[in-house]
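The structure appears below as structure tokens.
What follows draws every value from the coordinates through simple rules; no lab data is involved. Note that the structure is a prediction, hence the values are computed from the model and not measured. A quick note on method: Cβ atoms are made from the backbone with ideal geometry, for glycine too, and the neighbour counts reach across all protein chains shown.
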Amino acid sequence: MSNSVLYSVVSVTSRLDLKDPFIFTVHHQDHYPQGNAELGPVSPPQQHEYDMYYGESIPGFPEHPHTGFETITIVERGYVDHFDSLGNSGRYAAGDVQWLTTGNGVQHCEMFPLVHQDQDNPLELFQIWLNSSPEQKKQPVDYKMFWREQIPHVFSADTAGRKADIRVISGQFKQTQALDRPPHSWAALPENQLNIYLITLGPEAELTIPATTATATRFCYFYQGKSLELEGQKIAPKHLLELKPDADIQLKGGLLESHILWLEGEPIGAPVATHGPFVLNSAQELDTAFRRYRETQFGGWPWPSAEPSFPPEHPRFASYEGGKREEYPD
């Protein structure tokens with residue numbers, strides 16, 4: 001068969017190295033045990049036992065800075081407690097998505113509370129680092145929650161009645177539009193055609209992903225299942241595929257459900273200079289940003305510790321600057 005639509009196939013452990021406008025994506029998975037009264041594991045973790053355990057007592061990523069890009073956090077299992085230097089906070093969980101534009105600088109933490117003391121607390125999430133345009137890097141920080149109850153789904157069936165579910169996180173799939181992205185996001189402009197889908201194919205279900213533009217970047221990450229056929233070629237799980245953007249792509253699931261993260265969008269086309277959690281356009285801009293962080297701490301840290309969390313029974317919610325609050329009890 002012809003591989004004209006398939007540019008590359010790369011085996012993945014956790015990090016997906018991508019191309020403009022994406023920086024990279026990480027597929028995090030940790031099998032945390034039962035929790036204790038402090039929302040940590042019942043037994044002290046062994047060295048390197050977990051990938052995401054940088055706190056003293058609670059798994060997760062304590063207080064740290066970002067500037068110049070966007071984080072899109074898609075939770076598949078577990079809970080995340082969010083706090084930031086603007087005074088915002090929240091808890092989100094399986095099926096929810098947080099979209100943060102870090103703009104001209106923010107501190108935040110992402111803690112993974114082990115809310116269940118009578119059962120294990122597995123955690124699985126994707127965090128997508130999406131670049132921002134030079135102008136967007138100067139804008140105020142913003143974030144938005146996409147709750148699982150609100151995220152659009154497209155349900156389709158092939159000619160044999162086999163079903164697929166497409167969660168539209170960004171952009172649109174055929175006629176179905178995603179929720180609005182934060183206003184200073186590269187994805188907020190329709191002409192950038194920044195599409196992010198989570199696709200579940202039923203056993204042997206077939207699905208066609210429509211073409212985008214010839215200038216776009218396009219990736220498919222097959223992260224769970226037995227096998228996947230793409231344009232007739234068999235793909236094993238945990239592989240990242242770079243694809244021809246201006247072609248319809250035919251997918252067919254294997255004997256088990258197939259789970260796919262799909263990413264595509266127009267490139268920004270600006271120089272990229274990165275150092276840890278800072279993504280700017282030049283070394284000079286990086287130096288300026290680090291100096292500004294040392295002087296201002298991007299607004300400081302208004303919380304009582306570097307790794308705060310909410311009680312285990314706390315509902316999913318988000319608070320925003322200005323006092324707005326959303327709550328979604330389980």
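Between the helical axis of 283-296 and the longest alpha-carbon principal axis of the chain there is an angle of about 40 degrees. Here the relative contact order of the chain, from alpha carbon pairs under 8 Å that lie six or more residues apart, stands at 21 percent.
Here the translational diffusion coefficient of the chain follows from Stokes-Einstein with Rh set to the Kirkwood radius across Cα pairs; for 20 °C and 1.002 mPa s it amounts to 104 µm²/s. Toward the positive end of the charge dipole of the chain, with +1 on the Cβ of Lys and Arg and -1 on the Cβ of Asp and Glu, the farthest Cα among GLN175, PRO33, PRO140 is that of GLN175.
Structure remark: mean-square fluctuation, Gaussian network model of the chain, C-alpha springs under 10 Å; the largest value among THR102, THR296, THR71 belongs to THR296.
Please say if the stretch 216-330 is rounded, prolate or oblate, where rounded means a/c under 1.5 for a ≥ b ≥ c the square roots of the C-alpha gyration tensor eigenvalues, and otherwise the choice is prolate for a/b larger than b/c and oblate otherwise? Mind dumping the intermediate values first?
On the way: a/c = 2.86, a/b = 1.43, b/c = 2.00.
Here the stretch 216-330 falls in the oblate category.
What is the sum of charges around LEU256, taking Lys and Arg as +1, Asp and Glu as -1, for the other residues whose C-beta is under 10 Å from the C-beta of LEU256? Overall, the nearby charge balance is -1.
Of the GluC sites (Glu not before Pro) found in the stretch 173-208, those in coil by DSSP whose Cβ has at most 15 other Cβ atoms within 10 Å are GLU204. Normalising by residue count, the stretch 9-113 has a Cα convex hull of 122 Å³ per residue.
Each Lys or Arg adds one and each Asp or Glu subtracts one; over the other residues with Cβ under 10 Å from the Cβ of PRO267, this totals -1.
Quick check: net charge around ALA160, other residues with Cβ under 9 Å of its Cβ, Lys/Arg +1 and Asp/Glu -1? Walk me through the numbers on the way to the answer.
Numbers: positive: ARG162; negative: ASP158, GLU204, GLU206.
Around ALA160, the charge tally is -2.
Assign one of three labels to the stretch 59-212, namely rounded, prolate or oblate, based on the Cα gyration tensor with a ≥ b ≥ c the square roots of its eigenvalues; rounded applies when a/c is under 1.5, prolate when it is not and a/b is larger than b/c, and oblate otherwise. Oblate is the answer for the stretch 59-212, as a/c is 1.5 or above yet b/c matches or exceeds a/b. Could you count how many Lys pairs in the chain have their Cα atoms under 18 Å apart, skipping same-chain pairs fewer than 8 positions apart? So the count of such lysine pairs works out to 12.
Per DSSP H run of n ≥ 4, the term is -39500 (n - 2.57); total these for the chain, divide by its residue number, and report the mean residue ellipticity at 222 nm rounded to 500 deg cm²/dmol. It would help to have the intermediate numbers written out before the result.
Working: 1 runs with 14 residues, N = 330.
Result for the chain, helices only: -1500 deg cm²/dmol.
Reported to the nearest whole Å, the Cα centre-to-centre distance from the stretch 53-74 to the stretch 273-292 is 18.
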